[in-house]
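All remarks here apply to the structure that follows.
The values are calculated or read from the model by the stated rules, or taken from the named source; none is laboratory data. Treat the numbers as computed from the prediction; the structure is a model and nothing was measured. Every residue, glycine among them, receives a Cβ derived from its backbone with ideal geometry; neighbour counts consider all protein chains shown. Accessible surface areas use protein heavy atoms only, side chains included; no ligands, DNA or RNA. Shrake-Rupley method; radii C 1.70, N 1.55, O 1.52, S 1.80 Å.
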Amino acid sequence: MTSSLILTATPADALIDVPRHLVVRGAAPGARVTLTARTARAGGVIWHARATFAADADGVVDVARDAPVDGSYQGVSPMGLIWSQVPEDGKSREVFPQPVAAPLVTTVVAHAESGSDTHLGSTPSVGSSSVSFTQRLAAEGVTRRDVREDGLVGTLYLPPGAGPHPAVMILNGSGGGINEPRAALYASHGYAAFALGYFKAPGLPDYISNTPLEYFAKGMAWLRRTVRPAHDFVALSGQSRGGELVLLLGATFPEAVCAVIGYVPSALIHSAQNACDPAIGREGPTWLLDGKPLPHIWENNRAASWAPFDEGPPPHRHTRAMLTALDDPDAVERARIPVEKIRGPVMLLSAEDDGSWPSSRYSRMVTQRLAAHSHPYPVEHLDFENAGHAIVFPYVPTTQLVYAHPVSGKISTGGGEPDANALADERSWTAVLAFLAQAVAARAYSKGQS
């Protein structure tokens, strides 16, 4: 038979953070309509998801309106067929295109069965339709440049147009490397975005141990010289150990940092942990200043124990060990990041079920310290219920909760549930863009008044 089923996806081609409107028309009233989504991601691995819906009285399924009756996710979620995807090889975790400028193309197939005649014992009529849509990390006109200058290793993404543009420096966590996906998306929203690597990147150490903070000060100075940002605005955005790092840099170099965005951050300085140089060990120092190690929470800690993380079957929850360290108040005070020295607005994004470390508690420690010192700039804290450590941006798969740490190889979980992680991705990114816009406007006003 010739199918009268029509599946549409709008917009067909847009940035990755733009939701798509999937609508099926032409099904029989009450028919079961199954949508299957397939996306070729990094390395050519296919990720897929499926959801079955009941068509309404007009034969329509609207994914933004309707909850599936069966499938990969539950509840109404316009982009559920993306965030609920799993890899066909069962093990892949990398969801971004390589190179980052390459598009992600998802093909959705709708398959409908008529529900009207099955009770008569006849074969139900079948219809199908398909559509593809494209997600991009880099908007048209965004440019990319490898940076190998002044000992720095990173990638600079610039928005289209001559500028000047406000700037953001992006720092990864304990997995190391260069966070190009986030930099490309920041640039797509009008920011000169510098993703700076500091270990596990070409020409850099393999481990986080003994990383000098002066390296990041050099990175901010290079960024200012190179892009001459609008209003001299340079924000820092970091995740996990990078979230710890951006708070530490804001406190250490306050004159250079205009705003801080900490994804699942720490209020404390930590040892090298899972990203350590094995020759130094996980209780060795992470950060150096003036050549000297900064005190960290595991140092001379009377309560800290790795046993809750090390023992038992995988996947392991690193948070359990971190919580033991917090039982020594003297060690906590010695390791606290002096966030009250930051001279700008602060945004914290945390997860209540964070398996990597207690980012909710850490973020509350930061906000409480800022409040106690009457921090004169805006402070925002979004804490996501049932979410885990991997808060990125919409709309990407959130199903791969268990992983081998890229440095230690330890089988761990970041925690959370896929639907909660997807909601955190979406709401955090909207909030970050609003936070940055307000921070830039405040900086422009202050520069105009001076």
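See the values below:
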| quantity | calculated |
| --- | --- |
| Single match in GLY291, GLY312 (criterion: over 18 Å from ARG343 (Cβ atoms), more than 26 Å from the chain's Cα centre (by Cα), surrounded by fewer than 23 Cβ atoms within 10 Å (Cβ to Cβ) and touching a residue at least 40 places away in the same chain (Cβ under 8 Å)) | GLY291 |
| Residue in region 330-337 that is open to solvent by 30 Å² or more (accessible area, probe 1.4 Å), in a loop (DSSP other than H, G, I, E, B) and not aromatic (Phe, Trp, Tyr) present | no |
| Qualifying residue in region 279-287 (condition: open to solvent by 10 Å² or more (accessible area, probe 1.4 Å), on the phi > 0 side of the Ramachandran plot and over 22 Å from the mean Cα position of the chain (by Cα)) | yes |
| Residues of region 408-428 satisfying the condition of being among the basic types (Lys, Arg) and free of Cβ contacts under 8 Å to residues at least 60 places away in the same chain | ARG427 |
| Residue match in region 353-363 (condition: within 18 Å of VAL432 (Cα to Cα) and open to solvent by 80 Å² or more (accessible area, probe 1.4 Å)) | no |
| Any hit, region 223-233, residues being touching a residue at least 60 places away in the same chain (Cβ under 8 Å), under 21 Å from ASN274 (Cα atoms), open to solvent by less than 20 Å² (accessible area, probe 1.4 Å) and not β-branched (Val, Ile, Thr) | no |
| Test for PRO378: is it more than 24 Å from PHE309 (Cα to Cα) and open to solvent by 40 Å² or more (accessible area, probe 1.4 Å) | yes |
| Yes/no for ASP419 being open to solvent by 30 Å² or more (accessible area, probe 1.4 Å), outside any helix (DSSP H, G or I) and closer than 27 Å to SER84 by Cβ | no |
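Each row is one residue, and each column tells you yes or no for (1) of a type in the set (S, T, N, Q); (2) surrounded by fewer than 23 Cβ atoms within 10 Å (Cβ to Cβ).
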{"residue": "ARG32", "(1), (2)": "no, yes"}
{"residue": "ALA55", "(1), (2)": "no, no"}
{"residue": "PRO68", "(1), (2)": "no, no"}
{"residue": "SER72", "(1), (2)": "yes, yes"}
{"residue": "ARG93", "(1), (2)": "no, yes"}
